[in-house]
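Peer 1: After the structure tokens below, expect a handful of questions from me.
The values are calculated or read from the model by the stated rules, or taken from the named source; none is laboratory data. In this text, all values refer to a predicted model and were calculated from it rather than measured experimentally. Note that we place each Cβ from the backbone using ideal geometry, even for glycine, and neighbour counts take in every protein chain shown.
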């Protein structure tokens, strides 16, 4: 029986793994990274999501973070599968396997290589993306030999969660097919050439959640919200030292506005029917609550009425 080390961490890797069960349940050992300190003040340990899944399903679980951890795993497996593991698997471990390692990557490589392929595909408003099954390169991420791909359309209303599920299902099926048919064996590798061009999917940064009112249409803003969660805008304020500063305003659950002031400039906001309405490049968005940096979330009316006192300026425009 093939002995499989399954390296994973998150929802994407878990959903891919479900496609290998129950057929390969007796062959799989889940390999997860150790719990990390996280949250405010780094006071709480957070386990990778796949740890709970392994415990629930009864799959064997081992940890690997340091080179010594991988050395202890040498000789125990025939093949490894890495899906959103977040760490380059050492060449010494890969060389101990009977077959080259496999990776499921949520893009049509070489397009959107890198750590945030789903997010960047959504934020760049692609009409399609997909998933790739590739071998594991010993030195670099996303530089293996592509064995198979599955193209998937991106719907107008696509969210990060819905795309993650779609691509994980497609990737899990590619992985299962590879194990079922022996595609993972080098003698069975296909002559596959991807039609896509190279692009890099950079890590998502906090600044990606800022709304650029002068360049974002309502469609762009809603897609960004569906991809990254709650967004923020900047507003001009005055510090205690009477110096100009920027403060963030968090805008939860933005929706297309039901009414709009046609003369309003992008970023200009007002109170309409109890909602904070903000002009975009092509129309407007609205929300019922807002949160100024340093203060609690509150109703749109209270936010606007207290803004001058809290920022030191009379403003009706996000930057």
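Peer 1: Condition first: out of contact with any helix residue (DSSP H, G or I) (no Cβ under 9 Å at 6 or more places or on another chain), part of a loop (DSSP other than H, G, I, E, B) and either free of Cβ contacts under 8 Å to residues at least 24 places away in the same chain or under 19 Å from residue 224 (Cα atoms) (or both). Now tell me which residues in the stretch 286-299 satisfy that.
Peer 2: Hit for the stretch 286-299 is 296, nothing else.
Peer 1: Just to be sure I understand, how many residues within the stretch 16-37 are in contact with a strand residue (DSSP E or B) (Cβ under 9 Å, 6 or more places away or on another chain) and at pLDDT 95 or above?
Peer 2: Of the residues in the stretch 16-37, the ones in contact with a strand residue (DSSP E or B) (Cβ under 9 Å, 6 or more places away or on another chain) are 16-17, 20-21, 24, 27-37.
Those still in the list that are at pLDDT 95 or above too: 16-17, 20-21, 24, 27-33.
The number of residues fulfilling the criteria is 12.
Peer 1: If you go through the stretch 113-134, how many residues are without any contact (Cβ under 8 Å) to a residue 40 or more places away in the chain and farther than 17 Å from residue 226 by Cα? Show your work before the answer.
Peer 2: Of the residues in the stretch 113-134, the ones without any contact (Cβ under 8 Å) to a residue 40 or more places away in the chain are 124, 126-129, 134.
Going one step further and asking which of them are farther than 17 Å from residue 226 by Cα, we end up with 134.
Result for the stretch 113-134: 1.
Peer 1: Still on this structure, I have one more. Report, ordered by the first and then the second residue, all pairs with beta carbons closer than 7 Å, sequence separation of six or more or different chains, a first member in the stretch 263-276 that is on the phi > 0 side of the Ramachandran plot and assigned by TED's automatic domain parsing to the domain that holds residue 221, and a second member that is crowded, with 17+ Cβ neighbours inside 10 Å and in a loop (DSSP other than H, G, I, E, B).
Peer 2: Partner pairs satisfying both residue conditions: 267/213; 267/318.
Peer 1: How many residues, within the stretch 155-182, are out of contact with any helix residue (DSSP H, G or I) (no Cβ under 7 Å at 6 or more places or on another chain) and at pLDDT 95 or above?
Peer 2: Restricting attention to the stretch 155-182, the residues satisfying the condition of being out of contact with any helix residue (DSSP H, G or I) (no Cβ under 7 Å at 6 or more places or on another chain) are 155-157, 161-162, 166, 170, 173-174, 176-181.
Filter again for at pLDDT 95 or above, leaving 155, 161-162, 166, 170, 173-174, 176-181.
Of the residues in that region, 13 qualify.
Peer 1: Now for a separate question. Return the residues of the stretch 154-179 that are exposed (fewer than 11 other Cβ atoms within 10 Å of the Cβ) and in contact (Cβ under 8 Å) with a residue 60 or more places away in the chain; say none if nothing qualifies. Before the answer, list the steps.
Peer 2: First, pick out the residues of the stretch 154-179 that are exposed (fewer than 11 other Cβ atoms within 10 Å of the Cβ): 156-157.
Answer for the stretch 154-179, where residues must be exposed (fewer than 11 other Cβ atoms within 10 Å of the Cβ) and in contact (Cβ under 8 Å) with a residue 60 or more places away in the chain: just 157.
Peer 1: I'd like the full set of residues that are assigned to a loop (DSSP other than H, G, I, E, B) and closer than 17 Å to residue 116 by Cα, limited to the stretch 131-171.
Peer 2: Here is the first cut: in the stretch 131-171, the ones assigned to a loop (DSSP other than H, G, I, E, B) are 136-145, 154-159.
Across the stretch 131-171, the qualifying residues are 140, 141, 142, 143, 154, 158, 159.
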